[in-house]
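Working notes, beginning with the structure itself.
The values are calculated or read from the model by the stated rules, or taken from the named source; none is laboratory data. Predicted model only: the values in this text are computed from it and were never measured. Positions of Cβ are generated from backbone atoms using ideal geometry, with glycine treated the same way; all protein chains shown enter the neighbour counts.
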Amino acid sequence: MALDRPTPNDLRAFWMPFTANRQFKASPRMFVGARDMHYTTAEGRQVLDGTAGLWCCNAGHCRPKITEAVQKQVAELDYAPAFQMGHPIAFELANRIIDIAPEGIDHVFYTNSGSESVETALKIAIAYHRARGDGARTRLIGRERGYHGVNFGGISVGGIVNNRKMFGTMLGGVDHLPHTHLPENAWTKGQPEHGANLADDLERIVALHGAETIAACIVEPVAGSTGVLLPPRGYLERLREICTKHGILLIFDEVITGFGRLGSPFAAQHFDVLPDMMTTAKGLTNGVIPMGAVLTTGAVHDAFMQGPEHMIELFHGYTYSGNPIACAAGLATLETYAEEGLFDRCAEIAPYWEEALHSLRDARHVIDIRNMGLIGAVELEPIPGAPTKRAFSAFLKAYEKGILIRTTGDIIAMSPPLIIERAQVDELIGTLRDVLDNL
Ligand SMILES: Cc1ncc(COP(=O)(O)O)c(C=O)c1O
């Protein structure tokens, strides 16, 4: 049915992403402003941001340096073709990213989102083997409960059933490791003890398909969107060993762990495990302008640098890869992180965050709590026969009481900006207790 001519307050035309559209439009929640740790609602209320937007505003909101950089850039060079032409700050930003990346990661391929970073990394992995004359390696290994964005490659290697089941057969040649979320690790503070052996399942997959058919294995070092699943001690190290042994590229999806969330620039440094590629987005520009990047080792990049010099080496890229305004936002964001020491700040406040979060252990409905860096999850017992409903009610009540949290299934996930103060941690956790106790 055709819509009436929309009025400014008509909410029907916008089909909202990952949203209960009918519930929202019956009872809208609108943000009209933001600064530092807070959003302002359309009614003029302040809401404490417990999620850094969507895991992206790591330096908080409307930070002056980033705002000014974007304003200046848009007036100076708004757009430059991404293919066969360059502009200086795309190169400068790549260098600054490499400055904070783990030793051994030294090239940057720009995208516009986490999903595009994942597609790009998967394509580079397959093409890398082919460029080296190993073209049978096309199989991709993901993990149950993994989230790698919403494009076809990402949902194929991903493992969240609702993100997959409506969308047909997806990519062929994909297999999945088991997830690492074990009941014996409940209530763990930081990295859990049990489950490193789950990485050995990669050996089973290799035995089943043959290493010579496998291009890459992709995992989130800490899985976020699926409800905060932490890597057991020794697990990532073991995955690295098995991938190296069999010539399989290891991809860390660092879309949420990148840019300080664990107290190091990237999770690769936090866990001291070097992947062959890392996918990033979100915190790269503090969420201000859409941008992502795939970071690779020299070995991956150099495999493509062959053949006649006038030939394009990788037939892949986006109109907005390395967009000047996004690059300006990225540079100003990295400067803000460095000037304010925000990655160290995250590491400093993480123990306080951990204690505050685990103080909810005796709150109503709570069946598990887990944390790392400035990430926290509070898992609720589902209402029998109505999964997700309890957590969604908590989300709505929390918003009414002035805090922004995020839910996935019956898990509350929090990831505040790295500028959060202790008093704001107390406010967030105290309000959440109140919400849970009155649910
Ligand atoms: C690990 C991971 N990969 C990929 C994505 C997708 O990023 P985007 O929504 O920017 O496409 C996300 C988003 O939350 C993510 O957490």
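Restricting segment 85-102 to residues that are in contact (Cβ under 8 Å) with a residue 12 or more places away in the chain and under 17 Å from His301 (Cα atoms) leaves a set whose member that is surrounded by the most Cβ atoms within 10 Å (Cβ to Cβ) is Ile97.
Somewhere in segment 344-353, is a residue in contact with a helix residue (DSSP H, G or I) (Cβ under 8 Å, 6 or more places away or on another chain), buried (at least 18 other Cβ atoms within 10 Å of the Cβ) and not assigned by TED's automatic domain parsing to the domain that holds Thr111? Even if it seems obvious, please write down each step before you answer.
Just the residues of segment 344-353 that are in contact with a helix residue (DSSP H, G or I) (Cβ under 8 Å, 6 or more places away or on another chain), to begin with: 349, 352-353.
When the remaining residues are screened for being buried (at least 18 other Cβ atoms within 10 Å of the Cβ), the result is 349, 353.
Restricting the remaining residues to those that are not assigned by TED's automatic domain parsing to the domain that holds Thr111 gives 349, 353.
Yes: segment 344-353 contains one or more residues that are in contact with a helix residue (DSSP H, G or I) (Cβ under 8 Å, 6 or more places away or on another chain), buried (at least 18 other Cβ atoms within 10 Å of the Cβ) and not assigned by TED's automatic domain parsing to the domain that holds Thr111.
Identify the single condition in (1) within 16 Å of the ligand (Cβ to nearest atom); (2) farther than 22 Å from Phe266 by Cβ; (3) surrounded by fewer than 20 Cβ atoms within 10 Å (Cβ to Cβ) that Ile155 does not satisfy, given that it satisfies every other one. Every listed condition holds for Ile155 apart from (3).
Taking Ala121 as the residue in question, decide whether it is at pLDDT 95 or above, away from the ligand (no atom under 14 Å from the Cβ) and either among the hydrophobic types (A, V, I, L, M, F, W, C) or closer than 19 Å to Leu249 by Cα (or both). Step through it out loud before you land on a result.
Values: at pLDDT 95 or above: yes; away from the ligand (no atom under 14 Å from the Cβ): no; either among the hydrophobic types (A, V, I, L, M, F, W, C) or closer than 19 Å to Leu249 by Cα (or both): yes.
Answer is no for this residue.
Of all the criteria given as (1) out of contact with any strand residue (DSSP E or B) (no Cβ under 9 Å at 6 or more places or on another chain); (2) in a helix (DSSP H, G or I); (3) small (Gly, Ala, Ser), the one not satisfied by Ala326 is (1). Only residues that are in contact (Cβ under 8 Å) with a residue 12 or more places away in the chain and more than 22 Å from the chain's Cα centre (by Cα) were counted in segment 404-424, giving 3.
Could you tell me how many of the residues in segment 231-268 are more than 11 Å from the ligand (Cβ to nearest atom), of a type in the set (A, V, I, L, M, F, W, C) and within 14 Å of Leu202 (Cβ to Cβ)? Going through segment 231-268 one residue at a time, the tally reaches 7.
Output yes when any residue across segment 140-148 is away from the ligand (no atom under 16 Å from the Cβ) and acidic (Asp, Glu), and no when none is. The answer is no; no qualifying residue exists. Does Thr40 meet the test of being of a type in the set (Val, Ile, Thr) and within 16 Å of the ligand (Cβ to nearest atom)? Answer is no for this residue. Does segment 67-80 include one or more residues that are in contact with a Pro (Cβ under 7 Å, 6 or more places away or on another chain), modelled with pLDDT of 95 or more, surrounded by 16 or more Cβ atoms within 10 Å (Cβ to Cβ) and of a type in the set (A, V, I, L, M, F, W, C)? No; the residues of segment 67-80 include none that is in contact with a Pro (Cβ under 7 Å, 6 or more places away or on another chain), modelled with pLDDT of 95 or more, surrounded by 16 or more Cβ atoms within 10 Å (Cβ to Cβ) and of a type in the set (A, V, I, L, M, F, W, C).
Tell me the residue from Val228, Val288, Val219 that is within 16 Å of the ligand (Cβ to nearest atom) and closer than 30 Å to Val70 by Cβ, please.
Val288
If a residue counts only when it is in the same structural domain as His310 (by TED's automatic domain parsing) and farther than 24 Å from Ala398 by Cβ, which helices (runs of 4 or more DSSP H) contained entirely in segment 1-92 have at least 3 such residues? Explain how you work it out, then say what you get.
Details: elements: 21-26, 52-55, 64-76.
Filter on segment 1-92 gives 64-76.
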